[in-house]
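The values are calculated or read from the model by the stated rules, or taken from the named source; none is laboratory data. Every value quoted in this text rests on a predicted model; they were computed, and no experiment measured them. Quick reminder, even Gly has a Cβ in these numbers, built from the backbone with ideal geometry, and neighbours come from all protein chains shown. These area figures cover heavy atoms from the full protein model, side chains too; ligands, DNA and RNA do not enter into them. Shrake-Rupley method; radii C 1.70, N 1.55, O 1.52, S 1.80 Å.
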Amino acid sequence: MDTPDPDGLLAEQLLRLTRRIHRSQKRQLESADVAITPAQSRLLRTLAHYDRPPRMADLAERLEVVPRAVTSLVDGLEASGRVRRAPDPANRRVVRIELTDTGRATLRQLRSARRAAAEDILAPLTAEQREVLGGLLSALVDGVPERGC
């Protein structure tokens, strides 16, 4: 008889939960008629964290992808009116990527879809269970053992 693998089971549960969250978020976006890929969504969220429009190379570094991948993502987002390329005022050879009003509206829709997906997934949990789960997930994400659990 095989010995149970609790860590393997936890890993599988985390993967299943991640897929469930993604499916729920995708349904939310489809019902809001927002056509965007997960990679484009990630680029928009990343772009929103900059104080000033970043260069393509900055985005590639932050996203940990090759610059060519960012070019393709920006092309698609630019075609949908969510971002625009703009010359850097200090160096016109440098191109910066700016969010447009449409891009900011899409970000709001993405946040709303994520919130709705989280509400759906977390519905069976009490407020106390959600707090404990939040602490445990923070410990996993940050790589720091959780104290007091």
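Things to note:
- If you go through the stretch 106-121 and keep only what is surrounded by fewer than 14 Cβ atoms within 10 Å (Cβ to Cβ) and either in a loop (DSSP other than H, G, I, E, B) or not basic (Lys, Arg) (or both), you end up with just Glu119.
- Cβ pairs under 8 Å, 6+ apart, first in the stretch 97-111 and more than 12 Å from Leu47 (Cα to Cα), second open to solvent by less than 30 Å² (accessible area, probe 1.4 Å) and of a type in the set (Lys, Arg): Thr102/Arg82; Thr106/Arg82
- So Leu73, is it under 23 Å from Ile121 (Cβ atoms) and under 15 Å from the mean Cα position of the chain (by Cα): no
- Candidate set: the stretch 43-57, residues that are over 21 Å from Leu110 (Cβ atoms) and charged (D, E, K, R); chosen: the one surrounded by the most Cβ atoms within 10 Å (Cβ to Cβ): Arg55
- In the stretch 1-34, the residues that are open to solvent by less than 100 Å² (accessible area, probe 1.4 Å) and among the acidic types (Asp, Glu): Asp5, Glu12
- Here Glu146 fulfils each of the conditions (1) more than 16 Å from the chain's Cα centre (by Cα); (2) surrounded by fewer than 13 Cβ atoms within 10 Å (Cβ to Cβ); (3) at pLDDT below 90 apart from (2).
- Verdict on Thr126 being β-branched (Val, Ile, Thr), modelled with pLDDT of 95 or more, open to solvent by 40 Å² or more (accessible area, probe 1.4 Å) and out of contact with any Phe, Trp or Tyr (no Cβ under 8 Å at 6 or more places or on another chain): yes
- Applying the set (1) out of contact with any Lys or Arg (no Cβ under 9 Å at 6 or more places or on another chain); (2) among the small types (Gly, Ala, Ser); (3) more than 27 Å from Leu15 (Cβ to Cβ); (4) surrounded by 14 or more Cβ atoms within 10 Å (Cβ to Cβ) to Gly76 leaves exactly one unmet item: (1).
- The stretch 86-105 - residue that is part of a helix (DSSP H, G or I) and not polar (S, T, N, Q) and, of those, least open to solvent (accessible area, probe 1.4 Å): Gly103
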